[in-house]
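J.: Below is the structure I would like to discuss, written out as structure tokens.
Readers should treat all values here as calculations from the given coordinates under stated rules, not as data from a laboratory. The model shown is predicted, which means the values in this text are computed figures rather than measured ones. Glycine gets a Cβ as well: all are built from the backbone with ideal geometry, and neighbour counts include every protein chain shown.
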Amino acid sequence: MFLAGALKVDDEEKPPIDPWETYGAQGAIILYVLRLLTLLTLPQVIFNFAGLLLFNAFPGKVKLKGSPLLAPFICIRVVTRGDFPQLVRDNVTRNMNLCIDVGMENFMIEVVTDKVINLPKHARVREVVVPSEYKTKSGALFKSRALQYCLEDGVNMLSDTDWIVHLDEETLLTENSVRGILNFVFDGQYQFGQGLITYANEHVVNWLTTLADSFRVSDDMGKLRFQFYVIHKPLFSWKGSYVVTQVGAERKVSFDNGLDGSVAEDCYFAMKAYVEGYSFNFIEGEMWEKSPFTLWDFMQQRKRWLQVDKKVITDLGWPFPMKLHHLPLFVTGLVNSNVVALISDDLREGRPTAALNEGNISAVRLMVQTEKETYQQIRISFGFGMSQVHQIFHEHLVVRKSCTLWIRYI
């Protein structure tokens, strides 16, 4: 602020500076462009302000618009790698009991996992284990692969008029969120919906990352609420949890979007649905989640977001309004993303076990079997350092140098 001249340390009058004479044409243009870049955030600011001003950010108890007994069938789908089976079991039991307490009858909880969890047998609970050999048509990976597996013929048990509520393994329902979902499906006018997620509930694992996630809560209360209530389009994207979809619409949009659509499947899915003309709405009632437990996980999460922002900006196939959201996020986070990438490589050297677990090694194996990806694409997709990529190929996958000629270093 002092260097820019916005704040003064004394009352001394300073002569005005002509940037064209002082810095030259090139320097002046760069300075003006940098100043104008701050205006890129204006659409988001307007949407946030309008959402907080026009709608009640702290509504009371959500009132049901109909009897839960008459609601269409709802599948609460939880996608997990299966690394924390006890957490999944506890949350499935807690969420199921809450739904029953609210009065729901036509529902089930479906857990989609890479590893067997052995959920207790129950008429309302289904465990779906994604086969290790399963491959999508486009080579989608990670969560996209699991979500697409559920939509395949022979696996999917739902009709096109049923509804899916997508949750992460740590997501907890609340009475208000269940009531809001019921009202949303009763209305039936919109194919996709999303509501508010808060993070500072019950036991807080990491106060620093939880505080940093507070901006996501304000985004939900303002920007997300306004875009869905007024425009009914995901102009500024959405999140991957507390997502409610109609089965028929989800199957048409699909999660089978290749490697590009696997880094942040929620963003990619929303943009496809937007382009294909589907409508969205906001769902009242909040759900509870946990922020990343460590600063390392927090940085990796933000790093993936920046990768998606870059992809959206450089891909001419996406609508321009979406670029208005992703461009400022990318520009303002560009320096930070480079720092995080450097930190990523350094930290990975000191903690290889965090990167080289069986899940990641299996995912890399599946990637190279499905499509000939470059070292750089693999490194970006998993957040590895380059040394970890080499270690996986030459130690865990036992790939000889002569066999890696097609794995380019671009």
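J.: Return the sequence-ordered ³J(HN,Hα) values of region 288-298 in whole Hz as given by the Karplus equation 6.51 cos²θ - 1.76 cosθ + 1.60 applied to θ = phi - 60°, using x for Gly and Pro.
T.: Coupling constants for region 288-298: 10, 9, 10, 6, x, 6, 10, 5, 4, 5, 4 Hz.
J.: Could I ask something else about it? At 20 °C and a viscosity of 1.002 mPa s, what translational diffusion coefficient does Stokes-Einstein give for region 75-166, taking Rh as the Kirkwood radius over Cα pairs? Give it in µm²/s as a whole number.
T.: Details: Rh = 13.9 Å.
Result for D is 154 µm²/s.
J.: What does the charge count around Val185 come to, taking other residues whose C-beta lies under 15 Å from its C-beta (Lys +1, Arg +1, Asp -1, Glu -1)?
T.: Neighbourhood net charge equals -3.
J.: Anything over 29 Å Cα to Cα? Flag those among Lys63/Lys290; Lys115/Lys311; Lys63/Lys239; Lys63/Lys233, in the order listed.
T.: Pairs exceeding 29 Å: Lys115/Lys311.
J.: Per residue, how big is the convex hull of region 68-293 when only Cα atoms are used? Give it in Å³.
T.: Values: hull volume 27.2 nm³, N = 226.
Normalising the Cα hull of region 68-293 by residue number yields 121 Å³.
J.: Another question, then. Fewest to most neighbouring Cβ within 10 Å: what's the order for Val205, Val253, Val125?
T.: Val205, Val125, Val253
J.: Provide the per-residue ³J(HN,Hα) series for region 56-62, in order, calculated from phi with Karplus coefficients 6.51, -1.76, 1.60 and θ = phi - 60°, each as a whole number of Hz, with x at glycine and proline positions.
T.: Residue by residue, region 56-62 yields 6, 6, 10, x, x, 5, 6 Hz.
J.: In what order do Asp18, Asp260 fall by count of nearby beta-carbon atoms within 10 Å, going from fewest to most?
T.: Listed from fewest to most nearby Cβ atoms, that is Asp18, Asp260.
J.: Sort Leu147, Leu211 by Cβ crowding within 10 Å, fewest neighbours at the top. Spell out each step's value before the answer.
T.: Working: Leu147 25, Leu211 13.
Going from sparsest to densest Cβ surroundings: Leu211, Leu147.
J.: For region 161-225, how big is Rg over Rh, using alpha carbon atoms and the Kirkwood form of Rh?
T.: With Rg and the Kirkwood Rh in hand, the quotient comes to 1.01.
J.: Shifting gears a bit: In whole Hz and in residue order, list the ³J(HN,Hα) couplings for region 112-118 that follow from phi through the Karplus curve 6.51 cos²θ - 1.76 cosθ + 1.60, θ = phi - 60°; x for Gly and Pro.
T.: Along region 112-118, the couplings run 9, 9, 7, 10, 5, 9, 6 Hz.
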